[in-house]
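The structure appears below as structure tokens.
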Amino acid sequence: MSVPVPDPAVEPTEETLRVVEFAQTDTLLREDVKIVGALVGEILAEQRGAEFLAQVERLRRAAIRRRENNAPASELSDALAGTQLDHAGDLIRAFATYFQAVNVAERVHRIRRRRDYERSGASAQPGSLREVLATLAEQGVCLEEVAALLPRLRIEPVFTAHPTEAVRRALLEKERLIVTCLMQDIDRSRTPYERRADHERIRLALTASWQTAEAPPVKPSVADEFEHVSYYLSEVLYRALPVFYELFEDALHETFGEAVPAPNVLGFGTWVGGDMDGNPNVGADTIAATLAGQRALVLAAYQRDIAALGQLLSQSLSRVAVSDEVLARIEEYRYLLPRAASTLKPRHADMPYRNLLTLMGARLQATADDHVNGYPDTASFLADIAAIERSLATHQGKHAGGFAVRRLRRRLDCFGFHLASLDLRQDSGTHDAALAELLADPQWESRSHDERAQRLHALLDGSVPAPSMGNGSARPTLEVFRCVARLRMRYGARAFGPYIVSMSRSAADALAVLALARIAGCVDGEGRVPLDVAPLFETIDDLDAAADALRALFADPVYRRHLASRGDRQVVMLGYSDSAKDGGILASRWALQQTQIALTQLAAESGVRIAFFHGRGGSISRGGGKTERAVIAAPRGSVDGYLRLTEQGEVIHRKYGIRALALRNLEQATGAVLRATLRPRPPEAREEGWRAIAAGLAGDARAHYRALVHDDPDFPAYFRAATPIDVIERLRIGSRPSKRASDAGQTSLPGIGSLRAIPWVFAWAQNRAGLTAWYGVGSALERALQQHGRETLAEMARDWPFFGTLIDDLEMVLAKSDPAIFERYSLLAGELHSRFHPVIAAEFERTRVAVLAIKGSDELLAGDYRLRQSIRLRNPYVDPISLLQVDLLSRWREAGRPDDALLQALVATVNGISAGIQNTG
């Protein structure tokens, strides 16, 4: 396959279809793309023959002519018409294989650019800790101010099992091999022989990928999801974490001229095994299995580190002194672990560090085996590490192993014996159903929020006796709390994150958690529930009511005592996905902004520190986008040194799949929190007027969005016909159902409200419309431009991060969308096409025109060369897959949607389009 740039060596006899200019800094990226593109072409010819490769090339060129030279779309669609089913599958996979290779090349190039910044020495890379701290110092931030913030600075990415990753792990493993090979020659320093060997390894990985099915034969279990997410925690982040702290401390020293030890500011969470909301496969058993699995992984990682340190620290007593503390521990362990002590080699008798580390490794194994002689907790393991660190520092060993010991200590400080905190999540309705049974109150769920709160308050303060343990449908809920009580004693307090209550609407929803925990006996030695209860406000109305709900909760003396036991800190989760599905992106973002302002004010009034947990997805319409920009755009005072956010699906792989990129993302997030906390935007006199305009925009956009999505009775039928939602619902990429439980058994056509936000967004990304990220916004912006003028809205976009980020995100989604391709999908809706397509197409054009007017530009992404180039180079490969998907959808539906080769070909199109547009849900 020829690469998507004019290259005389590849295309010597054909006309130039387009001219693609690469920046000087991207020369090596172009070379990498040519290398992997040529290898993909060779593999396609090898696997399917030269004629197949020629057909792929003809389709690519037809797609380029359509986009670059305004050639009729029929040329491409005619070339694809009537494609045999098995041949269609291979064509789809050919283009998807190219995406896989180019995506990897781009990620490696990001690392190359970072290295170039670091080697140049001229200036720090934008967003790096060096750059952020230097800028803060220029703004008057002193070392004392930074030091005062550091103890409460906290960055917590939380990995979820939401089914948006469309690439199976077996293929991701091949991708890692390609990354390794490209990284080894990142600066073209390999010899010709070494480079040929690397290319053969890339060829092997690409060939194995081609010969591996895109989707597993069965739906993944919770255990499979654990295996997938745990890779990033135990392999990538475990290794990267100490380097982050070294970079942080170097940046602090370089900026302020003093050595400042960075405290433990990073933590990681996970929902895998603990997210019960709508997933009947998650409960007490998966909670226990997940925590046991995480413990096993992190203990194994420590054992590898201990073994490596034992090889490194070979100091002999005849050459250097060792502290009495280390020698005493060796003797102590000879008695504690006699079998392990008997394996110590006599020739190592004068190597105390090696001997102690060998015995520590044995004690770690005893810990993994639950033996009585294992480490009882992380503190006892840390004490051994600290003893070695102190001895090295005292006896000329600072640079003779102390560095490696510090790295192990950093890992232990973060990962403990639990690896990541396991969040628990359940729907408020499940709690209400359990309480209705336990309290023998069949009217419980229909009672007002105030009535329920009063009854729960009386139950919690002892005014009424606690009910007996239930044996009916409430039992699984109570088992979860019993499990928490038992496992907290085993794994420690850090093993559990907050208990998140989905669809929270009132104080009663938080009190319900405390009541159920008490009934189940999930209390500490002083009778307190040892969990942070985190209400999750998801719809726009619930976000608007969040401040009143929390004000009532803080006024409850029982709950206030609970907060006191949790350090007067309230975690509040904000739902980006369902709020956008409810009212559209503009209304969602405005509601989220207003809620954060209201709750920040409530925190100041109440003395309770509110920690916001951002439930963001991968796509723009689910809160995705650049983390650092979102942090800077947050309301003043709402960040306060803390950032907790979900990382989902393909975003996890994109941000944390390679160690260097994981470091970059952690740096950017930390730097943004430092900036937003230490030097937030100064008060802006114009902002009051801007907020009034934004409120009007949100109202107009929500009304327009809901009129189509929620109020038109025929829209659900159009949605199901004009998108591949019926394929997405059949994908085996997550353990959770695509619909909410309340609608799982219905036979009539489900409404949009019953569908989860992820497949809703995924479907509109697949048909290239991107409707979820812009519908309703165009009408609102058009009206605002008429009322307030272009200059006002341009000023808002330039000087107000909230509005500027929104406009930039809209521009990106519009650039990735393709109205002409979407029209082909819309035609699948038959008579409904003529009713809905003109409305949607007109709104897209209104949005595009308004965004360009506000940006003062004639072209989308005019100011983002790399993204514009990336989309331009990918489109000729995505377009044929999209048109094939339309054709296959029509055939599959006519055949009654069988689970056969047609469906498997459609699954391949879903994976291919996802890889091409780099977006799912």
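Annotations for the structure displayed:
- Of the residues examined, Ala205 is not one that is surrounded by 14 or more Cβ atoms within 10 Å (Cβ to Cβ), within 30 Å of the chain's Cα centre (by Cα) and modelled with pLDDT under 90.
- Hey, Phe836 of a type in the set (Phe, Trp, Tyr) and farther than 24 Å from Glu628 by Cα or not: yes
For (1) exposed (fewer than 15 other Cβ atoms within 10 Å of the Cβ); (2) in a helix (DSSP H, G or I); (3) in contact (Cβ under 8 Å) with a residue 40 or more places away in the chain, each residue gets a yes or a no:
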{"position": "Leu29", "(1), (2), (3)": "no, yes, yes"}
{"position": "Ala63", "(1), (2), (3)": "no, yes, yes"}
{"position": "Asp78", "(1), (2), (3)": "yes, yes, no"}
{"position": "Gly82", "(1), (2), (3)": "yes, no, no"}
{"position": "Ala88", "(1), (2), (3)": "no, yes, yes"}
{"position": "Thr97", "(1), (2), (3)": "no, yes, yes"}
{"position": "His109", "(1), (2), (3)": "no, yes, yes"}
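- Cβ pairs under 8 Å, 6+ apart, first in region 237-266 and on the phi > 0 side of the Ramachandran plot, second modelled with pLDDT of 95 or more and buried (at least 17 other Cβ atoms within 10 Å of the Cβ): none
- Tally of residues being in a helix (DSSP H, G or I) and either among the aliphatic types (A, V, I, L, M) or surrounded by fewer than 21 Cβ atoms within 10 Å (Cβ to Cβ) (or both) across region 336-353: 9
- Yes/no for Val484 being outside any loop (DSSP other than H, G, I, E, B) and touching a Ser or Thr at 6+ places or on another chain (Cβ under 6 Å): no
- Residues in region 616-660 that are within 9 Å of the chain's Cα centre (by Cα) and on the phi > 0 side of the Ramachandran plot: Gly649 only.
- Flag for Val158 being touching a residue at least 60 places away in the same chain (Cβ under 8 Å) and assigned to a helix (DSSP H, G or I): no
- Beta carbons closer than 8 Å, at least 6 apart along the sequence or on distinct chains, pair a first residue in region 317-331 that is assigned by TED's automatic domain parsing to the domain that holds Met360 and surrounded by 12 or more Cβ atoms within 10 Å (Cβ to Cβ) with a second that is basic (Lys, Arg) and assigned to a helix (DSSP H, G or I) for Ser323/Arg390; Glu325/Arg390.
- Residue within region 640-648 that is surrounded by fewer than 24 Cβ atoms within 10 Å (Cβ to Cβ), closer than 22 Å to Arg569 by Cα, modelled with pLDDT of 90 or more and β-branched (Val, Ile, Thr) present: no
- Qualifying residue in region 642-650 (condition: within 19 Å of Arg616 (Cα to Cα) and assigned to a helix (DSSP H, G or I)): yes
- Residues of region 713-734 classified as under 16 Å from Ala829 (Cα atoms), touching a residue at least 40 places away in the same chain (Cβ under 8 Å) and out of contact with any Lys or Arg (no Cβ under 8 Å at 6 or more places or on another chain), total: 8
- Count - residues of region 387-426 that are among the basic types (Lys, Arg) and closer than 15 Å to Thr290 by Cβ: 1
- Members of region 67-76 found to be surrounded by 13 or more Cβ atoms within 10 Å (Cβ to Cβ) and either β-branched (Val, Ile, Thr) or part of a helix (DSSP H, G or I) (or both), listed by number: Arg67, Glu68, Ala73, Glu75, Leu76
- Selected residue (criterion: surrounded by the fewest Cβ atoms within 10 Å (Cβ to Cβ)) from residues of region 719-758 that are out of contact with any strand residue (DSSP E or B) (no Cβ under 8 Å at 6 or more places or on another chain), closer than 20 Å to Gly624 by Cβ and at pLDDT below 75: Gly734
- Among the criteria (1) without any contact (Cβ under 8 Å) to a residue 24 or more places away in the chain; (2) farther than 23 Å from Ile35 by Cβ; (3) among the aliphatic types (A, V, I, L, M), the one Ala50 does not fulfil is (2).
- Flag for Arg196 being exposed (fewer than 14 other Cβ atoms within 10 Å of the Cβ), at pLDDT 90 or above and assigned to a helix (DSSP H, G or I): yes
- Highlighted here are the helices (runs of 4 or more DSSP H) found entirely within region 825-920 that include at least 2 residues which are modelled with pLDDT of 95 or more: 831-855, 865-894.
- Residue within region 304-314 that is surrounded by 17 or more Cβ atoms within 10 Å (Cβ to Cβ), under 30 Å from Thr160 (Cβ atoms) and modelled with pLDDT of 95 or more present: yes
- Flag if Ala453 is surrounded by 15 or more Cβ atoms within 10 Å (Cβ to Cβ), at pLDDT below 95 and in a helix (DSSP H, G or I): yes
- Test set (1) modelled with pLDDT of 95 or more; (2) surrounded by 18 or more Cβ atoms within 10 Å (Cβ to Cβ) - Ser619 fails condition number: (1)
- Test: residue in region 679-695 that is under 23 Å from Gly269 (Cβ atoms) and either touching a residue at least 24 places away in the same chain (Cβ under 8 Å) or not charged (D, E, K, R) (or both): no
- Flag if Gly863 is closer than 30 Å to Phe22 by Cβ and small (Gly, Ala, Ser): yes
- Looking only at residues of region 487-502 that are assigned to a helix (DSSP H, G or I) and in contact with a His (Cβ under 9 Å, 6 or more places away or on another chain), we find that the one that is surrounded by the fewest Cβ atoms within 10 Å (Cβ to Cβ) is Arg494.
- Checklist (1) under 33 Å from the mean Cα position of the chain (by Cα); (2) under 25 Å from Arg891 (Cβ atoms) applied to His87, failing item: (1)
- Every listed requirement among (1) assigned to a loop (DSSP other than H, G, I, E, B); (2) buried (at least 20 other Cβ atoms within 10 Å of the Cβ); (3) of a type in the set (D, E, K, R) is met by Glu225 save one, (1).
- Matching residues, region 225-249, being modelled with pLDDT of 95 or more and acidic (Asp, Glu): Glu246, Glu249
- Single match in Val146, Val179 (criterion: modelled with pLDDT under 95, aliphatic (A, V, I, L, M) and in contact with a helix residue (DSSP H, G or I) (Cβ under 8 Å, 6 or more places away or on another chain)): Val179
The values are calculated or read from the model by the stated rules, or taken from the named source; none is laboratory data. Keep in mind it's a predicted model, so treat the numbers as computed, not measured. Positions of Cβ are backbone-derived with ideal geometry, glycine not excepted, and every protein chain shown enters the neighbour counts.
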